[in-house]
Structures are given as C-alpha cells and as structure tokens.
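One structure is given below, encoded as structure tokens.
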Amino acid sequence: MRVVILGGGYTAIWCYRALQRWTGSSVEVTVVAPTSQHVFHGFTGEVLDGGLAPALQNSDLERCMPRARRLLGTAVAVDPVRRTVQVEQAGATTELEYDELVVATGAQDRTAAVPGLAQHGWSLRHPGQVQLLLDHLSELETTPAEDDRDAARRGTVVVAGAGFAGTEVAAALARRYGGTRRIVLVASGTGVVPAWQQRSTLQRRLLQNLDEAGVELLTGRRVVSVDEDGVVLDDGARLEAATTVSALGNSVPGMPGLEAFQEPDGLLRVDDRLRVTEGVWSAGDAAAVRSRGRRAPKEALWAIRAGTTVGRNIARAARGAAPRRFGFRGLGTVAAFAPGRAVATIWGVALPQPVGWAVRAAVFLWFVPSRRGAVDILRWSLRRRETVLPAPVPVAVRAPRVLVGLDGGRAASSGRRPAVDDRPQPRTAESA
Ligand SMILES: Cc1cc2nc3c(=O)[nH]c(=O)nc-3n(C[C@H](O)[C@H](O)[C@H](O)COP(=O)(O)OP(=O)(O)OC[C@H]3O[C@@H](n4cnc5c(N)ncnc54)[C@H](O)[C@@H]3O)c2cc1C
C-alpha cells in the first residue's frame, strides 16, 4: 500500500508513527513538505524571551520519520478520482500516485486580513521565522536611531492579535527586553484570549501576567493597516513601530481538487473516522474535526491525537478492518508566561499557576518529536537566563548630525531613516 502524507507538522509525524506501529514496513510512506523541519510552536514564547535557543524549536523530519521517503516540495493539487497529487519542487511539478492520502497541511497565518501585514509583519509559524524576528530586533539596536522619534519607533513592537499566541508572544518580548522596549498588544475584544472571555478568574490572571511583564494592552481596537513604520488602528490612531508581529489567528488555504469537500472557511470536512472521501483522510488544523458536535480547536494535542487516529485507521483499512471513530475529548488549554507562571485549565477546571506551568512543561516535553530534542530543551531550560541572554539595551540615538548646506546654513538631519533596502519582505519558510 502506498500512503502519501502532505505536511511535516504534528499531524503528519504522529500519523507516520501510528502507521509504523500498526503496519510495520508493509506500507510505503512518502512525506511531502516544503521544509525539512518540524516546528514546535508551543515553545515560541520561551524562544522569544531567551529561555530557549531558537534551534531547539525545530526537529529534523528525517529523524522524526526515518523510514519515510521524503520529498521537499509543496502539494499544489489532488485528484481524488485518479488518486494522484501534483507536487511542486524547485519550479518543476511531479505527479505522485497514492492508495491512501493524508492531508496534514495545517493552517497559515491570517495576514491577508490586514493590508500590509504580509509584507511588513513578522509571522512566527514556519521554521526560521522566530530567528528572523530576533535578528531584526537586534539589528534595530546595532544601528543608532536618527533622533528621539526614530528611537521610539525602533523601540516599539506591536503585537496584532491577543489570542493565546499573541498574548504569550507579547509577554515573552516584554520579559526579554525588560522595559527597554515598548511592547503594545492590540486586542479587538474587551480582554485577551477570546476563548476565555467569559472566565473572569482566567482573565484576571492573564491581565496580571501581562501587566507584570510590562506589556501595554490596547483593548477594543483592531489593526487595520501595517506599513514599515507602524500600524493604523480602526479609530484612525497611528502607532509608530518598527516591528509588528502577526498574531491574528489563521486560515486554511484550500487544496485544489478537494474544493467539493471544503467547509465555507476552507477546512476539509471529515467524518467521525477522519475520512474526507474514499482514499483521502485529514486531521489537524487543515480539517474540520468534530468532537461532541463541536469543532475541535486548532491545537497541537488535537492534531497529535487526530493524526494518530488517521494512521491507525489507514492501518486498519490495509488489513480490511473497519476504521475507528475519533474519540478524543480534549485535555486542557494553557497560556504560559514564565517559569512557574501559566494560566491553564484541565477539562475546564482552572489550575493554580505553578501547577499549570509544571503540567504544561511535562506535556510539552513528552510531545517533542525526538527524545534527544526533549533532553536538549531540558538542559537549556536549567541554565540560568542571564548566562544565555545579553542584558537588554535601549535603542540608542545617534549624536545629532550637522549638515552644512551650500548656502552655508545648517540643518539638522531629517530624522527619517535612510532609504530602506532592509524593508521586511514577506517571510516564508523558504526565505528562512
Ligand atoms: C506561534 C504559535 C504558537 C502556538 N502555540 C500553541 C500552543 O502553545 N499549544 C497548542 O496546542 N497549539 C499551539 N499552536 C497551534 C499548533 O501549533 C497547531 O494547532 C498545530 O501546529 C497543528 O498541527 P498540524 O499538523 O495540523 O499543522 P502544522 O504543525 O502547522 O504542520 C503543517 C505542515 O504542512 C506543511 N504544508 C503546508 N502546506 C503544504 C502543502 N501544500 N504541501 C505540503 N506540505 C504543506 C507545513 O510546512 C507544515 O510542515 C501554536 C501555533 C503558532 C503558530
């Protein structure tokens, strides 16, 4: 049996593992992914605040899926009748045949929702993107600002979107820069983390953590456009900022050939066995998985469990057995802020923050795709923060430059930064 898995994320890895476990080497697995690494998104906050080296977020897919044939490329179309996938690799398109296909292509950042966000904002989803943001932030320190206004612009980071990721990211950056940067978190609602809007205790803890980290919270506002010098809000106000982080949630781009199976928001409709149609399965962020009649959240543990079910069901199909129903009911949700500080629930019950942090650490380490990766992370976490992160420095202002004009008059420098060729480009996994 030929199984083709599209994607190199959580769903793909745990589907592969289930296939290995329940079929051994009797199936031939091909994995198509545009990068050679898996990113553990849950550690984004730790990397941004300096608690972990950026490379520790990544695991080599070769190590995670040693027996799979791997194709570095992007699936661009599926023909579910002929059972083929078109794969684009370095400009050329090849066709792959499959008996069973797993669409585990995840989601993309919802940058298209705000003009300028794709070009000037910083996303944190794909391999290398967190490192690119950190490089950009340190580059802002190395060249002195033209004047106080430019220094303020360079020293300001806007985080657009206050869901779980945006809230953690804002707090992590604030901790990293310890008051030497202005970190502004823009939230469209009255609080942060919409999923916990009605939970007053959780809201209070979230706001307290943001406040203690030094985050400036702007509620009831939306970012409506982004440019290289800042953002415009829906009330017309402008925030000058050299850095805008995209945390507006995600969307799922459709897969050509599977449009007939998409829900209105692009997610693939799956049955309770996670099958899209004969020979096609899907799970994780790409699929509209339902549990107890409700859409499953786009979270890693759900992707892991659903990916496992898909692998197991394909193994069952290979020996003529009926596929099993996806039965996971969820475990909990967490937003982490610092060692010992995490706002967390398990089965809806709020945990004390140190307990939430410890449970999260244990669960995350358990699900790092490679054991060696988990050990490296543990080692790093035990180091003292000061030994791995230089002390934060404010953005310095260049000594006033005096320009002497032809008329002998003197003019101060314009305060604009030089014409930029360092303008942030859309940052993709490839550019990383
Ligand atoms: C910054 C951030 C922080 C997060 N923090 C948490 C957290 O703390 N806890 C939590 O539970 N969840 C968190 N999440 C969400 C979690 O990471 C996702 O729910 C999870 O990644 C979904 O797994 P997946 O396998 O469906 O997709 P992904 O892990 O995104 O994998 C998708 C894979 O498909 C590949 N791909 C995409 N298009 C194609 C194509 N056309 N052809 C081939 N391959 C393709 C991608 O390159 C990638 O390898 C976070 C997400 C982000 C972005």
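For the chain, the membrane-span-like helices by this rule, meaning whole DSSP H stretches whose C-alpha atoms cover at least 24 Å of axis and whose Kyte-Doolittle mean is 0.0 or above, are 300-318; this says nothing about an actual membrane.
Scan around GLY249 for amide H atoms under 5 Å from its own, H built in the peptide plane at 1.01 Å from N, and keep only partners 5 or more places away or cross-chain. Here the answer is ARG110, since their amide H atoms fall under 5 Å of that of GLY249. Most fluctuating residue of THR180, THR243, THR44 in a GNM of the chain with Cα springs under 10 Å: which is it? The residue with the greatest mean-square fluctuation here is THR180. Neighbour counts of other Cβ atoms within 10 Å put TRP281, TRP357, TRP366 in the fewest-to-most order TRP366, TRP357, TRP281.
For the chain, modelled as a GNM whose springs connect Cα atoms under 10 angstrom apart, the maximal fluctuation among GLN129, GLN119, GLN197 occurs at GLN197. Relative to one another, the C-alpha centroids of segment 67-85 and segment 157-217 are positioned 40 Å apart.
Report, in debye and to the nearest 20, how large the dipole of the chain comes out about its Cα centre when Lys and Arg carry +1 and Asp and Glu carry -1 on their Cβ. Please report the intermediate quantities before stating the final value.
Working: 54 positive and 43 negative charges, 387 e Å.
The dipole of the chain has a size of about 1860 debye.
The length gained on full extension between GLU139 and ALA396, counted as 0.36 nm times the residue separation minus their Cα-Cα distance, comes to 91.3 nm.
Counting neighbouring beta carbons within 10 Å and listing from fewest to most, the residues HIS41, HIS120, HIS126 come out as HIS41, HIS126, HIS120.
Percent antiparallel among DSSP beta bridges with both residues in segment 111-249, to the nearest 5? Walk me through the numbers before you get to the answer.
On the way: 7 of 21 bridges.
Restricted to segment 111-249, the bridges split so that about 35 percent are antiparallel.
Values in this text are rule-based calculations from the coordinates and carry no lab data. Nothing here was measured: the structure is a model prediction, and the numbers come from that model. Every residue, glycine among them, receives a Cβ derived from its backbone with ideal geometry; neighbour counts consider all protein chains shown.
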